[in-house]
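Taking it in order: structure first as structure tokens, then the write-up.
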Amino acid sequence: MIATFIPPEKLGTPPMSESPWALLPTASNHAAALDTLYVFITILCVISMVLIIGAQLYFMVKYRKRSDADRTSPVTHNTKLEIGWSVIPSLFLIVIFVWGEVQFMDMSSPPANAIDVRITGQKWQWTVEYPQFPGGPSLSCPGDAAECEPTEKTPTLYVPLNEPVRLTMNSVDVIHSFYIPAFRVKKDVVPGRYSNLWFTAIEEGEFPVFCTEYCGDEHSSMLAKVIVLPKDKWAATVKKATELKLEEGETMAHYGERLYGINGCAACHTLDGSTKVGPSFKGLYGRTEQLTDGSSLAADDNYIRESILEPNAKVVAGYAPQMPSFQGKLKDEQITALIEFIKAQK
Amino acid sequence: MSNPTNDSVEPSYLVAKKGLLSWLITVDHKRIGLMYLVATLFFFLVAGLLAILLRTELFTPGQDFMSAQTYNQVFTLHGAIMVFLFIIPSVPAAMGNFLLPLMLGARDVAFPKLNLLSFYIYCIAAVMLVLTLVMGSLDTGWTFYTPYSSTTGTAVIMATLGVFIAGFSSILTGLNFVVTVHKMRAPGVTWNRMPLMIWAIYATALIQVLATPILAITLLLLCIERVLSIGIFDPALGGDPVLFQHFFWFYSHPAVYIMVLPGFGIVSELITVHSRKHIFGYRAIALSSVAIAVISFLVWGHHMFVSGQSELAGVVFSFITFAVAVPTAIKVLSWVATLYGGSIRYTTPMWYAMIFLWTFTVGGLTGLYLSTLSTDVHLHDTYFVVAHFHYVMVGGTVIAFLGGLFHWFPKMFGRMYNERAGAISALLVFIGFNVTFGTQFFLGHQGMPRRYYAYLPEYEYLHQISTVGSWVLACGLFLVLFTLLAGLKFGKHAPANPWGGVSLEWHTATPPIEHNFHHIPHVESGPYDFPEIDWDSAKH
């Protein structure tokens, strides 16, 4: 698989905020709550800073050296003051801790009716897949779809407005981290285990996704987009975005190879002649096969098509009838592309 | 305190023995301290120049003069050199070595030969880390996260072995200091009469001895995984990558305090001497150093709130992290209170101490956003974290280190530096530092991730401010270098006690004689009992 990473200047999402000093848009259910706490801590910090640095500056001016005969204060401690400045900040710290803890628990508990989306991280590309829609990963174009080069396509997470979404994420190589600043969510994507994050998008728009765990050369380019759409429009858009079709300038055999990968054919059918659960595709096309009922036939276009749609009608001798049917999952042109791909495996 | 002995007829430690060999095989803690000082300052310069390269590359959103690969190697080297070869050994091994026996009234550390061995082990480690440059470089970040570090093609084994060996130097120095503090105090130097610098170094030494072996084991396991393909951290071999993070931060969080506690010690000395005041809350400051050292072992999981560790663990780590804030706040407030009723002299060391109060307070307060579970989810691994730890590490340790360097420079070399140049350097460092890293808090809450060589155009404006700030900071630091070098060559001869300090290092010749004291001093008062203090007024 060729990693198609996106240079940051080509991501094409609109700026998240008007001023670089402003807070980000509050585009998810978590965002506004988190910002409130953020502002609360900021106010406490500013007050503390003014008190501490104010006292420092006041003392710096008032007690600057005036003459060699200066006498200084003999104060060495003040128990009441010291207890005061230990206890009062502690009370504020407890408030912040509890507040943050409650929010964090909410951010860690997805509701039962959340829509599931799968995210896969791989150097240096995100793959977004929707279990409830047949088809492939969703990609989008920066501008006009017709002029879009395959390498310019951006992995895109489409989410419906006001519906909870749960991401189940996994990495195939090193640790990545999936971060949507506008939603205030982030979670490491770890190889060998699944991690989750959830949110409800509450603002329509297009927002950047960053990888925030250093993952090698093109870490900075491991980007994606989130596009928030009204629910009805969302379903149609996902259907279209995940639809698999022949790309412009792509050979049918290459399209077939993509289908072979996406549909998991490789789990049973190898390309190198070795036998797995089913026959290898190497040299399959046109070969005469012995069937379980004793008859034999040549593996031509019609036989391959039938084997995809009704796999157990004619099983090659030596194999168990256990392939699932792809009836309704693959379109005619996709079956044709697969046949072309198999034909090319000489 | 005993009477100063200024009428030294013995030569100073700098000229007591002559020739390069007399330095290379010296067991004098002061000479070893100076050798450490030269080595750590050299690596500070190297890693600082790398930082300027990084900031300059970030001036525009796209790629300028560094490829992604080069950028990754440069930020890795910047972090690894700064942490392992500069900050960790800078204050304890360089200044601590020079000052600890002097401040305790001892003739040397407990194990002088072990001390020299620590230095050479450090040198071997430094050579190994630098060798990675010619062996395919290193691109893992200073944190060596697995499975990236178990799979990348760069010189990970050489680098981790380098850090592994540097750890032994750290452990041996720590061990030496713990024993020295326990056994070598001059008569009358009770625990309650030790300068706070010693308390800080002592707390640091305890962490060095207890935490560093964990890092050593972790890095050794990483090497074993790479060489023998035994699955420990790499899931492809059946390991657990998050386990590495637990191991790594179990050392590296306490290591943050190895880096910053000695800075606390320096600031306690600078503020008292230059304001002619007894420290406010001696016991609170001393014990909070020890409290921080203990609690620091229990907070490592706050680096991993979004790593996939259990939520309950996150809650516990967050709570304990808030607990560290309390002793830290006590220290800052005590330093400010020390200024009350003083007679403040605005010398260069005092300017740095004043800057420290500002920068370290910002560093400490911004830690609140990151110890809070929910806000950390947003800010984790963004520039907010970069800004926060630079405010703590540079704004805390390095600023204190620079102040200490000016403060003890006359003691070390017997020369004065130019005060005006020193004060200008402090101003440049203050402005440059705040512009560079203050801006990065805003980049962070805007979502800018760290370790990106290219970024979305919307971040360009803030990145440019930050980069310009880094150039100002660099000018300030070069001015420090020139001021000190010029002082060394052309400076006036320093009086025995230019600042009127009363702790023991000022009770011997400047620079000290080879064996520190003609007679072991007998101490009858505290290290902050300045003659200007008007003890009588307390009675009214």
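Name the residue, out of A:Val159, A:Val238, that is among the β-branched types (Val, Ile, Thr), part of a helix (DSSP H, G or I) and either within 28 Å of B:Ser149 (Cβ to Cβ) or more than 11 Å from chain B (Cβ to nearest Cβ) (or both).
Answer to the selection: A:Val238.
Among the helices (runs of 4 or more DSSP H) lying completely within region B:338-397, list those that include at least 2 residues that are crowded, with 24+ Cβ neighbours inside 10 Å and more than 9 Å from chain A (Cβ to nearest Cβ).
B:348-371, B:383-392
Looking at B:Phe144 and the list (1) in contact with a Ser or Thr (Cβ under 8 Å, 6 or more places away or on another chain); (2) over 29 Å from A:Tyr214 (Cα atoms); (3) assigned to a loop (DSSP other than H, G, I, E, B), which single condition is not satisfied?
Only one criterion in (1) in contact with a Ser or Thr (Cβ under 8 Å, 6 or more places away or on another chain); (2) over 29 Å from A:Tyr214 (Cα atoms); (3) assigned to a loop (DSSP other than H, G, I, E, B) is unmet by B:Phe144, namely (2).
Please tell me if B:Leu54 is without any contact (Cβ under 8 Å) to a residue 60 or more places away in the chain and farther than 30 Å from B:Leu206 by Cα.
Yes; evaluated as a whole, the condition is true for this residue.
Considering region B:291-318 alone, what residues qualify as being of a type in the set (Val, Ile, Thr), within 11 Å of chain A (Cβ to nearest Cβ) and not in a helix (DSSP H, G or I)?
Within region B:291-318, B:Val306 is the sole residue that qualifies.
Please tell me if B:Trp335 is at the interface with chain A (Cβ under 7 Å from one of its Cβ atoms), over 28 Å from B:Asn516 (Cα atoms), under 23 Å from the mean Cα position of the chain (by Cα) and touching a residue at least 40 places away in the same chain (Cβ under 8 Å).
no
Report whether or not A:Gly286 is out of contact with any Pro (no Cβ under 9 Å at 6 or more places or on another chain), modelled with pLDDT under 90 and part of a loop (DSSP other than H, G, I, E, B).
In short, yes.
What are the residues in region A:61-74 that are crowded, with 19+ Cβ neighbours inside 10 Å and either more than 7 Å from chain B (Cβ to nearest Cβ) or among the hydrophobic types (A, V, I, L, M, F, W, C) (or both), if any?
Matches in region A:61-74: none.
Looking only at region A:325-346, count every residue that is closer than 15 Å to A:Pro279 by Cα and at pLDDT below 85 and tell me the total.
1
The rows are residues; the columns are (1) of a type in the set (Lys, Arg); (2) touching a Leu at 6+ places or on another chain (Cβ under 6 Å); (3) at pLDDT 95 or above; (4) surrounded by fewer than 23 Cβ atoms within 10 Å (Cβ to Cβ).
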residue	(1), (2), (3), (4)
B:Val38	no, no, yes, yes
B:Gly62	no, no, no, yes
B:Phe65	no, no, no, yes
B:Thr70	no, no, no, yes
B:Gln73	no, no, no, yes
B:Ile88	no, no, no, no
B:Leu99	no, no, yes, no
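Failed condition for B:Leu504, given (1) within 14 Å of chain A (Cβ to nearest Cβ); (2) buried (at least 23 other Cβ atoms within 10 Å of the Cβ); (3) not acidic (Asp, Glu), with all others met?
(1)
Residue by residue through region B:442-465, note down the ones that are assigned to a helix (DSSP H, G or I) and of a type outside the set (Ser, Thr, Tyr).
Result: B:Phe442, B:Leu443, B:Gly444, B:His445, B:Pro457, B:Glu458, B:Glu460, B:Leu462, B:His463, B:Gln464, B:Ile465.
Count, please, the residues in region A:9-30 that happen to be of a type in the set (D, E, K, R) and in a loop (DSSP other than H, G, I, E, B).
1
For every residue, the table says whether it meets (1) surrounded by 22 or more Cβ atoms within 10 Å (Cβ to Cβ); (2) among the aliphatic types (A, V, I, L, M); (3) at pLDDT below 95.
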{"position": "B:Asn115", "(1), (2), (3)": "yes, no, no"}
{"position": "B:Gly153", "(1), (2), (3)": "no, no, yes"}
{"position": "B:Val156", "(1), (2), (3)": "yes, yes, yes"}
{"position": "B:Thr173", "(1), (2), (3)": "yes, no, no"}
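Suppose the filter is more than 10 Å from chain A (Cβ to nearest Cβ) and either polar (S, T, N, Q) or free of Cβ contacts under 8 Å to residues at least 40 places away in the same chain (or both); does B:Ser537 pass it?
No.
Would you mind finding the one in A:Gln132, A:Gln103, A:Gln125, A:Gln56 that is facing chain B (nearest Cβ under 9 Å) and under 34 Å from the mean Cα position of the chain (by Cα)?
Among A:Gln132, A:Gln103, A:Gln125, A:Gln56, only A:Gln103 is facing chain B (nearest Cβ under 9 Å) and under 34 Å from the mean Cα position of the chain (by Cα).
Filter region A:120-142 for residues that are part of a loop (DSSP other than H, G, I, E, B) and among the hydroxyl-bearing types (Ser, Thr, Tyr) and give the result.
A:Tyr130, A:Ser138
What are the residue pairs meeting all of these: first residue in region A:17-35, first residue within 11 Å of chain B (Cβ to nearest Cβ) and more than 22 Å from A:Gly100 (Cβ to Cβ), second residue outside any loop (DSSP other than H, G, I, E, B) and small (Gly, Ala, Ser), Cβ atoms under 9 Å, and 6 or more apart or on different chains?
Matching pairs, first to second residue: none at all.
In the list B:Thr328, B:Thr321, which residue meets the criterion of being of a type in the set (S, T, N, Q), more than 18 Å from B:Leu379 (Cβ to Cβ) and either in contact with an Asp or Glu (Cβ under 8 Å, 6 or more places away or on another chain) or in a helix (DSSP H, G or I) (or both)?
Just a single option satisfies the conditions, and that option is B:Thr328.
In region B:57-85, how many residues are free of Cβ contacts under 8 Å to residues at least 12 places away in the same chain and under 21 Å from B:Val127 (Cα atoms)?
Number satisfying all stated conditions: 1.
Is region A:44-59 home to any residue that is part of a loop (DSSP other than H, G, I, E, B) and touching a residue at least 40 places away in the same chain (Cβ under 8 Å)?
No, region A:44-59 has no match at all.
The rows are residues; the columns are (1) surrounded by fewer than 19 Cβ atoms within 10 Å (Cβ to Cβ); (2) modelled with pLDDT under 95.
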{"position": "B:Leu427", "(1), (2)": "yes, no"}
{"position": "B:Asn434", "(1), (2)": "no, no"}
{"position": "B:Gln440", "(1), (2)": "no, no"}
{"position": "B:Ser466", "(1), (2)": "no, no"}
{"position": "B:Gly500", "(1), (2)": "yes, yes"}
{"position": "B:His519", "(1), (2)": "yes, yes"}
{"position": "B:Ile533", "(1), (2)": "no, yes"}
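Could you list, in sequence order, the residues of region A:317-346 that are surrounded by 16 or more Cβ atoms within 10 Å (Cβ to Cβ) and either among the aliphatic types (A, V, I, L, M) or at positive phi (or both)?
Those that are surrounded by 16 or more Cβ atoms within 10 Å (Cβ to Cβ) and either among the aliphatic types (A, V, I, L, M) or at positive phi (or both): A:Met323, A:Leu330, A:Ile335, A:Ala337, A:Leu338, A:Ile339, A:Ile342, A:Ala344.
State which residue pairs qualify: first residue closer than 30 Å to B:Val189 by Cα and inside region B:478-502, second residue acidic (Asp, Glu) in any location, beta carbons under 7 Å apart, and separation of 6 or more residues or different chains.
Short answer, once both residue conditions are applied: B:Val502/B:Asp529.
Looking at the structure I just gave you, is B:Phe75 in contact with a Gly (Cβ under 9 Å, 6 or more places away or on another chain) and closer than 25 Å to B:Thr154 by Cβ?
Judged against the criteria, B:Phe75 is a match.
Looking at A:Asp188, A:Asp217, A:Asp173, which is the one that is within 14 Å of chain B (Cβ to nearest Cβ) and within 30 Å of A:Phe281 (Cβ to Cβ)?
A:Asp173
The values are calculated or read from the model by the stated rules, or taken from the named source; none is laboratory data. What you see is a predicted model; the values in this text were computed from it and never measured. Glycine also receives a Cβ, built like all others from the backbone with ideal geometry; neighbour counts cover every protein chain displayed.
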